[in-house]
């Protein structure tokens, strides 16, 4: 056999075995991936979040919020929406995480936008093969260990240029050494070896390489996105036409840039990529990555809008699949009914409402057309119900689903003032934080647009007399035709002061001789029971103390005056005081 033919056949055989091994590994990885996504779909996500990760994910939302109404930080924190997001998030890519978070903080107020999102979610919910195919593509983008992918990509906007002159000189010396080998092989070969060593040392120790390495992950992330866009081009489903057009437009803008970025890094930073392993040696000798860096950086900076197109549309596809998975998880759910609002009285109906974060929730129903005031003891369910109303209004206009059997309302803005605390950073007391929180709601309700505002314990940070006086006036100010104010209070006086403006509801515990039970059922009317003192007895307080407290409460209710108390130890205080005076 011709030796040259034998070499060629051997090379072809080795290459074929290598390619077959890659295909088998890829097939194995895809089967494992499909088993994983099928197991995860419709179940509670298993992802664990690191400290500060949610803050990084929120950065994309803060770039996108613009001048629209959004779920502000106070409302988001009041409702523990980070935990709700974690329950929803089944995304496979960093753009998916970012866009899903933004979706949950930017409610829709347009029927057309709502229907378009519904069609996308419904498509992935009902087409398993297409859903899994799209998930496979999105998994190629992956999640970024540095947090939001938008942060990583837009870090390139601040990246500095590097000097290429020393590296051009080094390449010139290498070229000269190669040419000299044609005429003086020995001397030229020695010169070339010396130049190679110097070039490698210059490359490894140069500050330009250090600068480039800081931004290599940015270019790698962009390469992964573009590689995923290549695979997605085969998709021709009508339901994702708008997203695919955005992805193609964004990808096309980088057609000429990708070749230069390939010299910088691959989509996987060279791990397991033979071409990149070879290129690492080429970079070390000829510094091609440093020479390509400046032009690549300029090109990427000029294509910020196209990068956002890729992130927006890929993220929207991933987020829609995640929403479909969340809907499958819920035991009881409904699609929201949005009523047109033409300037009349805003109203909301919610039947069998339950909180998705509570393991064994109790469902409640309510129909509100105007203000609702809820009374009841601590731990009876007031705060949970209020949070649930606000949460479901947000879910309705973001994820298109509600955790109840029926939800009907106009498109609503949602604002809360609930889980407040002292602001240690600014030195503001609880009361200052509270009145500022209420002020923002009062300002928003000046706009004649449907608003659901939820307030837990109005002005709890001040004394009883001023609290009742001020909170009654604040609640009266919120009572406008376009506003749906829902408030909880311990001050039963407010239920009488506002009974012509607010409808009274209550939660009531059931107390027996030795225990207390909270049924968590919402009932019409104001709270009538006085069980707080009885609870002292159940918890082992002195029976005489409990008896005296009950008698004092009954006397105040009949006379409106609290009796003054005398020391249980007679005049010992006066005697002690006289003794002190005698010492002076």
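Listed values, structure above:
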item	result
Relative contact order for the range 75-234, counting Cα pairs under 8 Å that sit 6 or more residues apart, in percent	27
Relative contact order (%) - criterion: Cα under 8 Å, at least six apart; region: the chain	15
Cβ-based exposure ranking for 326, 219, 518, in which fewest neighbours within 10 Å come first	518, 326, 219
Cα gyration tensor category, rounded, prolate or oblate, for the range 298-437 with a/c compared to 1.5	oblate
Relative contact order (%) - the range 156-313, alpha-carbon pairs under 8 angstrom, separation at least six	34
Fewest-first sequence of 150, 471 by Cβ atoms within 10 Å of each Cβ	471, 150
Packing-based ranking, highest mean first, of 164-171, 77-84, 48-55, 376-383 given that Cβ atoms within 10 Å are counted	376-383, 77-84, 164-171, 48-55
Shape of the range 337-529, Cα gyration tensor, a/c cut at 1.5	rounded
Cα gyration tensor shape of the range 156-313, rounded if a/c is under 1.5, else prolate or oblate by comparing a/b with b/c	prolate
0 to 90° range, to nearest 10: angle between helix 111-126 axis and the chain longest Cα axis	70
In degrees, nearest ten, helix 464-478 long axis to first principal axis of the chain (Cα)	60
Helix 185-205 vs. the chain, principal-axis angle (Cα, 0 to 90°, nearest 10)	10
Entry for mean projected area of the Cα convex hull in nm² (calculated from the structure that is shown) out of [x] 44.2; [y] 41.3; [z] 60.6	[x]
Ascending count of other beta-carbon atoms within 10 Å, so fewest first, for 474, 441	474, 441
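Quick note: the coordinates plus some simple rules give every number you see, no bench work behind them. None of the values given here were measured: they were computed from a predicted structure. Positions of Cβ are backbone-derived with ideal geometry, glycine not excepted, and every protein chain shown enters the neighbour counts.
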